[in-house]
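First the structure, in the form of structure tokens, and then the observations on it.
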Amino acid sequence: MKHATPLLLLVPSLLGCGVDDACPRGERGCNCTLQSSCEAGLECQANVCVRVFEPPAALNAVAPAGGACATDAHCQPGLHCIQAEGGEFLGAGPAGGYCSAACTGDAQCQAVDAQAVCDAALGLCLRRCFTGDPQPSENKCLERATLACVRPRELDAASQPTPEAVLAGRVGGAGTEREQGVCRPVCASDADCGTGRSCNAATGLCSAAPATGKAVNQPCQTDAECAGGLCLFGACSAACVARRNDQGCGFGPGASRREAACLFPFTNAFGDLGICFQLCDTQADCTAPDFACLPNATALLNTGRSAACLPP
């Protein structure tokens with residue numbers, strides 16, 4: 001299916017970071033412009049000071065629901081580590097692991113972690129979150145770069161965030177109101193998944209077999225042609241974690257050159273679902289027909305590029 005979502009529904013994400021200007025600069029969740037603008041222990045990502053979630057080996061305490069893990073020992077009592085190398089999450093694994101538990105209702109999850117709810121389709125406890133800009137101390141999805149806050153209406157009947165489900169939930173639903181969702185895994189690149197695993201851009205999970213199909217911004221007519229499972233404006237795209245500009249769309253934070261970035265989160269909010277677009281230096285870089293190489297240094301902060309290929 002070739003989606004023709006009006007660009008005006010997407011453009012607001014480029015107009016600002018959405019963080020309250022009264023928020024003290026440098027504090028967690030507040031505005032920043034350079035790495036030196038943030039307090040110690042925080043990083044400036046997409047104009048917001050955020051805490052980088054440390055790998056499990058560096059944690060001093062066990063992780064709550066939604067926390068990163070490699071073994072059950074990294075999760076608080078009552079929770080189990082769903083490993084990136086396993087197949088417990090829709091037949092694949094969440095990048096960095098995910099502390100969870102089996103469930104049939106919310107009460108079972110909240111008996112272990114008050115911030116967890118039951119995804120009945122998955123039969124798993126997932127961390128609760130709210131879409132929209134988080135409060136400075138909210139710790140939305142534990143500020144993990146590989147988790148996105150997803151609303152129920154962005155999932156299909158099997159609890160899978162398919163392109164059609166995402167677009168149906170987002171288009172016409174953008175706004176300033178905050179809605180409850182759950183923290184779902186969205187890997188940024190193969191580097192998130194470990195040896196022998198690949199980041200499946202269509203599911204956001206770590207799989208044994210790499211996804212096949214066209215890369216971001218390659219011309220397309222149907223979703224099935226694209227590795228990310230999404231054909232938008234006649235070009236391939238994929239879901240990503242909004243305003244995590246230093247990674248995502250197939251590129252890790254250590255990439256020497258990024259060719260795509262997460263733009264246009266439909267709710268214009270840190271940690272929500274976004275859409276991948278190709279980055280460019282000149283018009284000749286844009287591979288999709290009729291796309292224009294448009295500069296926006298603010299939206300592309302930390303990508304190493306200053307322009308993106310955008311639809312007319």
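Structural remarks
- Residue satisfying all of: in the range 229-240; in contact with a helix residue (DSSP H, G or I) (Cβ under 8 Å, 6 or more places away or on another chain) and small (G, A, S); surrounded by the fewest Cβ atoms within 10 Å (Cβ to Cβ) among these: G229
- Test: residue in the range 51-61 that is more than 21 Å from the chain's Cα centre (by Cα) and either among the charged types (D, E, K, R) or modelled with pLDDT of 65 or more (or both): no
- Looking at the range 73-176, none of the strands (runs of 3 or more DSSP E) lying wholly inside it contains 3 or more residues that are at pLDDT 95 or above and of a type in the set (D, E, K, R).
The values are calculated or read from the model by the stated rules, or taken from the named source; none is laboratory data. Please read these numbers as outputs of a predicted model, since none were measured by experiment. In this analysis, Cβ positions are derived from the backbone assuming ideal geometry, glycine residues included, and neighbour counts consider all displayed protein chains.
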